[in-house]
Amino acid sequence: MKRRDALVIFGAMGVAIAIPPILRRIPSDFNFEPLRGFEGFRSMSGGAVSGGVDPFFGLSAASDEAPTVATDPKISPCFELFGPTGWPDERVPVAIFSDFNCPYCKVLERNLINLRDSGAPIRLIWHEMPLLGPSSTRYAQAVLAAGFLGKSDKARRLLNESPLRPGPVALRQLAQKLELPEDMFLREVHGERVERAMKRSLSLGRRLGIPGTPGIVVGRTLVIGAISTPDLQKLIKIEGNELQSICV
């Protein structure tokens, strides 16, 4: 074998070995499917999810009535997903369905927050889906209560950094860290506003077909499960570039 031929063969082998990692860094092509029951929305496949129990675990367990949430057909899916602000500007709204005990959620949330803080044109909206038992419900109640009292971001950061133990003592300690009146915070945690908010998010997640967390709706696209940062960036760019008419 000539030296030049050997170099060509070894060069080709080197390229073949290098291709897989390179391809893994390139965002995949997306296959979108219409999202049933949500006109104008679509879905695509995601990665791993954390499985859950019944979506209404721990909510009104003593009630004889099924804990369902009536849906007003006049309410826009944009309002349900993205809140009253909807999608009014160039920032792509990202609705996040998460559970504090879901490890995949923590990674996805951290990636989204980093993208937002580094200048990505996105707005993050949180939906609590406590699917992984009583501990998840406890975290969801605390962060929702803090949100109603104007401390959502700080509470989310604190709860991601340290565990929230059962009982009123831990809630009072959290209230102190949040600089909130302790009694007011405890009433909010166990109040109707927090329970209604959880029910709405869980009901919406069920209608979207989210079986476990995480789930995100990026603009018009639902992704159930983990998604890589390159794919996430690509999806945000697609949603930002395509003319949208669902939230007008």
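Here are the numbers for the structure shown:
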quantity: Per residue accessible area in Å² of the range 107-241, where ligands, DNA and RNA are left out and the probe is 1.4 Å; calculated: 44 Å²
quantity: Residue-level accessible surface for Glu33, protein heavy atoms, 1.4 Å, Å²; calculated: 110 Å²
quantity: Cα-based convex hull volume of the range 113-248 per residue, rounded to whole Å³; calculated: 133 Å³
quantity: Bridge type composition, the range 95-248 - antiparallel percent by DSSP, nearest 5; calculated: 65 percent
quantity: FRET efficiency for Asp117 and Gln244, using Cβ-Cβ distance with R0 set to 35 Å, rounded to 0.05; calculated: 0.90
quantity: Stretch gain in nm, segment Gln233-Glu33, where the contour uses 0.36 nm per residue and the Cα spacing is subtracted; calculated: 70.1 nm
quantity: Within-13-Å neighbourhood charge of Leu243 [Cβ basis; K, R +1; D, E -1]; calculated: -2
quantity: The range 155-247 - charge dipole about Cα centre, Lys and Arg +1 at Cβ, Asp and Glu -1, debye rounded to 20; calculated: 200 debye
quantity: Residue-level accessible surface for Asp183, protein heavy atoms, 1.4 Å, Å²; calculated: 90 Å²
quantity: The range 87-153: GluC sites (Glu not before Pro) in DSSP loop, at most 12 other beta carbons within 10 Å; calculated: Glu90
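The values are calculated or read from the model by the stated rules, or taken from the named source; none is laboratory data. What you see is a predicted model, and the numbers here were worked out from it, not measured in a lab. No Cβ is skipped: glycine too gets one built from the backbone with ideal geometry, and neighbour counts run over all protein chains shown. Only protein heavy atoms, including side chains, enter the accessible area calculation; ligands, DNA and RNA are left aside. Shrake-Rupley method; radii C 1.70, N 1.55, O 1.52, S 1.80 Å.
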